[in-house]
1. Fully extended, how many nm does the chain gain between residue 111 and residue 95 (0.36 nm per residue separation, minus their Cα-Cα distance)?
2. I need the peptides 20-30, 76-86 ranked by packing, meaning the mean over residues of other C-beta atoms within 10 angstrom, with the highest value on top.
3. Straight-line reach only, C-alpha to C-alpha below 14 angstrom: list the aspartates and glutamates that residue 66 could link to, leaving out same-chain residues fewer than 8 apart.
Amino acid sequence: FLTTKVPAGVAALHGPGKLDCSLDPQRAVDVLKENLAQLRMTHVDLVLLHGPCELQGTAAAVDPAKANAAQWQGMQMALSSGLTRAIGVSNYNVTHLEALLAAPTTRVKPAVNQCQMSINGSAFC
């Protein structure tokens, strides 16, 4: 079972200045195609958006809800193109999921919401 991620969302996951919240759905498809080329595969079993786009108390170049919807639209494009068998998200909370499901471009619900949890009781979702 092969899973990969599209690096989107919260800067804490990718480091300062690495927020990747494009309004272009094709970006998610292009990132997946790069991953497939590196893996020497034609498709994967699951692709996840690494995290939701958020303001995090700073001025954002794009509306986070619109960026999340655009990236999800790209994930749906990848699914319909046969580049992956399933699509999902990672580190989305209830508010993020509700907004994503309410977006007019959402046709496919996330199959997975991968959440970070540890034995010390900390969780991210």
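1. Here the segment from residue 111 to residue 95 would lengthen by 4.1 nm.
2. 20-30, 76-86
3. 20, 24, 54, 98
Where a number appears in this text, it was derived from the coordinates with a stated rule and is not lab data. Remember, predicted model here, so these are calculated numbers, not experimental data. Backbone-built Cβ (ideal geometry, glycine too); neighbour counts: all protein chains shown.
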